[in-house]
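What follows is a short report on a single structure.
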Amino acid sequence: MSVQLGPQSLADLGLLVVRLAVGLTFAAHGAQKALGWWGGPGFAGWAGAVGRMRYSPATFWAIVSAYVELAGGLLFAAGLLTPLVAALLCAQSLVIVLRVHLPKGFWNSKGGIEFPLQLLAGAFLITLGGPGGFSLDAALGIEASGALRLLAAAGAILGVVLALASSRFGAPLADAPPATKAR
């Protein structure tokens with residue numbers, strides 16, 4: 001018995017690979033922030049870092065960013081609620097690129113945008129192109145029109161503007177706990 005893969009099946013397989021690589025990478029980074037796994041700061045340390053980046057209120061933005069990455073990454077990998085989740089991950093990536101890595105140049109070895117830009121590109125691909133046939137959305141019959149995917153992307157851009165505005169105008173916060181390294 002041989003398996004025949006047509007062009008659509010191969011495209012769906014490619015989208016699955018992108019979703020798994022990007023989604024599980026986001027989830028791992030979210031687990032570092034939220035749970036302190038894999039040498040991450042844990043939530044208290046992450047909230048402190050967010051406060052030092054002048055996001056206001058720091059605890060709110062720490063929760064948003066940690067759980068967009070953790071929960072969003074897992075949903076993205078599974079291909080569930082993909083337009084919304086992919087747009088949120090694009091927004092998260094854009095903030096990371098613009099606020100944290102852009103001042104350090106391009107190369108990842110110097111803390112630049114090289115790595116987070118790749119995550120942004122993968123999330124953007126799925127935002128506009130959809131999750132593909134090998135996804136929970138496809139299995140459950142959840143389909144998003146091109147207009148809905150564009151609306152999700154526009155909402156993500158609005159979220160980026162709000163996040164960056166809260167950072168630019170916010171003073172360092174008293175509610176931002178000091179960074180602690182999880183052990």
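Is the shape of the stretch 1-103 rounded, prolate or oblate, going by the alpha carbon gyration tensor and its root eigenvalues a ≥ b ≥ c, with a/c under 1.5 for rounded and a/b larger than b/c for prolate? Verdict is prolate for the stretch 1-103. Cβ crowding within 10 Å, taken as a proxy for footprinting-reagent exposure, orders Phe115, Phe43 from fewest neighbours to most as Phe115, Phe43. Expressed in units of 2.2 N^0.38 Å, where N is the residue count, the Cα radius of gyration of the stretch 44-105 is 1.19. The C-alpha radius of gyration of the chain, expressed as a fraction of 2.2 N^0.38 Å, stands at 1.09. Mind pulling the angle between the C-alpha long axis of helix 7-35 and the longest principal axis of the chain? Nearest 10 degrees, somewhere in 0 to 90. Result, in degrees: 20.
By the compact-protein rule of thumb, 2.2 N^0.38 Å, the alpha-carbon radius of gyration of the stretch 78-132 corresponds to a ratio of 1.20. Using the average count of surrounding beta-carbon atoms within 10 Å as a protection proxy, the listed peptides 151-162, 53-64 rank, highest first, as 53-64, 151-162. Starting from the Kirkwood Rh over alpha-carbon pairs, what translational D in µm² s⁻¹ does the stretch 113-170 have by Stokes-Einstein at 37 °C and 0.692 mPa s? Translational D for this selection: 248 µm²/s. For the chain, the residue among Gln8, Ile142, Asn108 whose Cα projects farthest onto the positive side of the dipole built from Cβ charges is Asn108.
Since every read-out is calculated from the coordinates, none of them should be taken as a lab result. Given the structure is predicted, the values throughout are model-derived calculations rather than measurements. Cβ coordinates were reconstructed from backbone atoms using ideal geometry, including for glycine residues, and neighbour counts include every protein chain displayed.
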